[in-house]
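Reviewing the structure listed below.
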Amino acid sequence: MDTSTVSSRVRLRPAAANRPRRTGRRRIGKATATYVVLLAGAVVLIVPLLWTVSTSLKDQSQVFTYPVQWIPRPFKWSNYSSAFGTAPIGTYLVNTVILTSIGVVASLIGSSIAGYGFARFRFRGRQAMFAVMLATMMVPTWTVIIPMFLMFQRIGWLDTYLPLVVPAFFATPFNTFLIRQFFLTVPYEIDEAARADGATRWQVFTRIMIPIARPALLIVAIYSFFYYWNEFLLPLLYLQTDKFFPISVGVANFASAQQQNYPLMMAIATVALAPPVIVFFVFQRWFVQGVVVTGIKA
């Protein structure tokens, strides 16, 4: 064997041996950078929440102390009772629960039917209709506020929950897209076998597809809960009587009336924030599952 070939191989061995080390260092560096960015983002999001809860338990004189006193001394739990006594917080919460419950049910019914139709029925123009429906997600809400307000005003729906929940019965684009994506993963042979046994389309949908699609429906329910619980613009536009206001509008009105009483303002904000935070921590893995479901099949 040529001595030059042997010497070249010997020279290449140390470089090849260092490759795994370099690769390992790059992975560690990328992982470290990722965790640093995520930690910084978590701090940015968590600090305002902690400040809200901390301020809700402080006395007015402790709000602007420097440095910030994160742990109130003493804890002033009476801020919550004072907030409930100053504004009809209980009524706002009940209204929000009613509005959110109806909205979630409406979203599940309308979007599941539309998603099933787009996923299972074959008809001319199906893809074009689906594309148009998705395109409506890019239309800003405020561009259609005036015609929607005039339409609901003429049919006498103002100062009711009808303008907020009835449109959901006719499907919402994102929820329909998510459910359609899930139905596309279900083998079509299941439908054919059920139809061969004499089942109608409606029976296939209600007795077979809906039980199979429970994970996707749960994700839709969670997303709809957050939407209706936090919605502010449309209730402010359509509702005119204080007894119908949800917690989002109630918090805004309370903040306007109590401009300098930050402990009471943060107390009602904490009450409004508690249910979404609890739902998020209980169902947080389903949020990740929702991202997976929307991209499993085109």
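The values are calculated or read from the model by the stated rules, or taken from the named source; none is laboratory data. Treat the numbers as computed from the prediction; the structure is a model and nothing was measured. Note: ideal-geometry Cβ built from the backbone for every residue, glycine included; neighbour counts use all protein chains shown. Protein only, heavy atoms only, side chains kept; ligands, DNA and RNA dropped before computing areas. Shrake-Rupley method; radii C 1.70, N 1.55, O 1.52, S 1.80 Å.
Here are the numbers for the structure shown:
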quantity	calculated
Solvent-accessible surface (1.4 angstrom probe) belonging to Leu237, in square angstrom, nearest 10	50
Heavy-atom accessible surface of the chain: percent carbon and sulfur, 1.4 Å	68
Given (i) 18.6, 60; (ii) 27.4, 96; (iii) 20.1, 64, the label whose value is Rg and Dmax of the Cα atoms in Å derived from this model	(ii)
Heavy-atom SASA rank of Lys30, Lys243 (probe 1.4 Å, accessible area, largest first)	Lys30, Lys243
Relative contact order for the chain, counting Cα pairs under 8 Å that sit 6 or more residues apart, in percent	30
Which of Leu158, Leu218, Leu239, Leu38 is most accessible, then next, and so on - probe 1.4 Å	Leu38, Leu218, Leu158, Leu239
Candidate residues Glu231, Glu189: accessible-area rank, largest first, probe 1.4 Å	Glu189, Glu231
Net lengthening on full extension, Ile71/Ala40 (0.36 nm per residue, minus Cα-Cα)	8.9 nm
Difference of contour (0.36 nm per residue) and Cα-Cα distance, Ala33 to Leu184	50.6 nm
Kirkwood-type radius of region 132-180, with distances r between different C-alpha atoms, in Å	12.2
FRET efficiency estimate (nearest 0.05) - Cβ-Cβ, Thr23 to Asp159, R0 51 angstrom	0.20
Radius of gyration, Dmax [region 117-274; alpha carbons; angstrom]	20.7, 69
For Asp242, solvent-accessible area (1.4 Å; no DNA, RNA or ligand), Å²	70
Solvent-accessible surface (1.4 angstrom probe) belonging to Ser61, in square angstrom, nearest 10	90
For the chain, accessible area per residue (1.4 Å probe, heavy atoms of protein chains only), Å²	61
